[in-house]
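Participant: Before I ask anything, here is the structure I am working with.
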Amino acid sequence: MKIGIITFHRADNYGAIFQTYSLQRFISENICDCQVIDYYSDEIERKSKFPNKKNYNSLSTYFKSVLMFFIYCGRHKKFELFRNKMNLSNKYLKNDLIKTNEIFDSFITGSDQVWNWNCTKGDTAYFLDFVSANKKKNSYAASFAISEIPVCLQKDYYSLLNNFNSISVREKKGVEIVSNLLKREAVLSIDPTFLLSLKDWKKLAIMPKTKKKYILIYQLTVTESLIDFAKKLSKKTHYSLIIIPNSFKYFLKAKYLFKASPEEWLGLFYNAQYIITNTFHGVAFSIIMNKPFFVEVLANINKTTSRIENILDAFNLQDRKIDNRDLIHFDKKIDWDIINEKINCERKKSLIYLSSLCAGSNNNNENLI
């Protein structure tokens with residue numbers, strides 16, 4: 001039995017590459033032979049190319065993008081090296097994907113935002129439209145990244161998902177979407193990054209050279225409230241600040257790391273005293289590594305807040321949100337024993353679900369939720 005995974009593995013994004021690595025490794029080590037389909041999506045590849053002036057409304061925005069492109073060129077090479085740690089198939093373009101039916105006995109799309117139309121620009125390969133047999137179509141922890149499907153896209157989503165053998169999603173909102181749209185139940189699964197243990201991630205990590213205690217900031221976008229909170233926490237604890245930035249906006253006295261490799265990123269999380277983030281995988285790895293963290297939930301970023309809200313609900317960590325700029329609860333302890341027990345329980349559920357796909361059997365979704 002051989003499974004093929006299609007996801008955003010070619011995106012130079014820490015969360016995207018880690019979820020791909022962990023799902024492929026978990027299946028390969030515990031269930032059956034598994035490869036990541038080395039699919040070159042036009043939309044994903046476009047984001048890593050030199051900026052085209054036609055795509056920008058102003059010269060200032062264009063030149064800012066050019067600057068970011070050169071800054072991240074070095075990081076791209078490090079991501080390419082990490083991708084070599086995965087079991088990758090041959091390279092496939094959209095029109096060639098149909099050939100994979102001769103190689104794989106079953107397919108999985110996920111995790112990540114593979115069903116977010118805005119993210120993929122309607123690339124239906126992530127809905128497994130190239131797979132010839134419906135019984136081979138499955139998902140694991142796939143994310144719509146939105147609370148509801150726009151009316152104008154509901155027919156498209158229905159036709160693409162209705163013939164899936166098994167559907168597993170990452171958020172409760174995803175379960176609701178599948179129920180409302182398809183009149184069937186979906187499995188609620190933990191993000192693949194939780195499938196590997198802290199010990200597994202530590203083995204991959206490259207630890208930072210600094211001996212100073214620090215607060216790590218990992219952000220999707222920078223906000224004044226997040227920076228203000230970080231300043232206050234740094235002043236309160238006397239810890240320095242390290243920032244893994246994705247954009248320029250507000251600056252503060254800190255060490256900025258633009259080119260951290262995936263392994264260095266893991267080491268920075270592992271050694272941090274506190275983590276401040278506004279990303280889903282920033283929260284996920286804070287939990288995996290049992291690090292006290294604070295998360296700012298961004299209200300208007302493509303309506304993707306359900307992903308973060310869901311993970312906070314799942315682990316009863318809603319009190320870690322930065323609702324204001326005060327530090328009233330900054331020293332509140334997290335009961336990591338309860339959290340780790342929950343992770344182990346969810347990992348076992350995922351093992352059962354994924355094993356059923358490798359066995360080629362139809363699973364009973366309601367028994368796995």
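Participant: Output the number of residues of the stretch 20-59 satisfying the condition of being open to solvent by less than 80 Å² (accessible area, probe 1.4 Å), out of contact with any helix residue (DSSP H, G or I) (no Cβ under 9 Å at 6 or more places or on another chain) and at pLDDT below 95.
Facilitator: 2
Participant: Given the condition closer than 21 Å to residue 71 by Cβ, among the charged types (D, E, K, R) and open to solvent by 10 Å² or more (accessible area, probe 1.4 Å), answer yes or no: does some residue in the stretch 263-280 qualify?
Facilitator: Yes, because at least one residue in the stretch 263-280 is closer than 21 Å to residue 71 by Cβ, among the charged types (D, E, K, R) and open to solvent by 10 Å² or more (accessible area, probe 1.4 Å).
Participant: Would you confirm, using the coordinates I've provided, whether residue 134 is under 17 Å from residue 166 (Cα atoms), at pLDDT 95 or above, open to solvent by 30 Å² or more (accessible area, probe 1.4 Å) and polar (S, T, N, Q)? Explain how you work it out, then say what you get.
Facilitator: Values: under 17 Å from residue 166 (Cα atoms): yes; at pLDDT 95 or above: yes; open to solvent by 30 Å² or more (accessible area, probe 1.4 Å): yes; polar (S, T, N, Q): yes.
Answer is yes for this residue.
Participant: Might you check whether a residue that is within 30 Å of residue 351 (Cβ to Cβ), outside any loop (DSSP other than H, G, I, E, B) and not β-branched (Val, Ile, Thr) occurs anywhere in the stretch 235-256?
Facilitator: Among the residues of the stretch 235-256, not one is within 30 Å of residue 351 (Cβ to Cβ), outside any loop (DSSP other than H, G, I, E, B) and not β-branched (Val, Ile, Thr), which makes the answer no.
Participant: Applying the selection to the stretch 137-156, what residues are open to solvent by 10 Å² or more (accessible area, probe 1.4 Å) and polar (S, T, N, Q)?
Facilitator: Those that are open to solvent by 10 Å² or more (accessible area, probe 1.4 Å) and polar (S, T, N, Q): 147, 154.
Participant: Could you check how many residues of the stretch 90-100 are in contact with a helix residue (DSSP H, G or I) (Cβ under 8 Å, 6 or more places away or on another chain) and surrounded by fewer than 17 Cβ atoms within 10 Å (Cβ to Cβ)?
Facilitator: 1
Participant: For the stretch 158-199, name all the residues that are closer than 30 Å to residue 237 by Cβ and open to solvent by 30 Å² or more (accessible area, probe 1.4 Å).
Facilitator: Within the stretch 158-199, 197, 198, 199 qualify.
Participant: If you don't mind, another one. Taking residue 103 as the residue in question, decide whether it is open to solvent by 10 Å² or more (accessible area, probe 1.4 Å), at pLDDT 95 or above and among the aliphatic types (A, V, I, L, M).
Facilitator: Values: open to solvent by 10 Å² or more (accessible area, probe 1.4 Å): yes; at pLDDT 95 or above: yes; among the aliphatic types (A, V, I, L, M): yes.
Spelling it out, residue 103 is indeed open to solvent by 10 Å² or more (accessible area, probe 1.4 Å), at pLDDT 95 or above and among the aliphatic types (A, V, I, L, M).
The values are calculated or read from the model by the stated rules, or taken from the named source; none is laboratory data. Please read all numbers here as calculations on a predicted model, not as lab measurements. Cβ sites come from the backbone with ideal geometry, for glycine too, and all protein chains shown count toward neighbours. Surface areas here come from the heavy atoms of the whole protein model, side chains and all, with no ligands, DNA or RNA. Shrake-Rupley method; radii C 1.70, N 1.55, O 1.52, S 1.80 Å.
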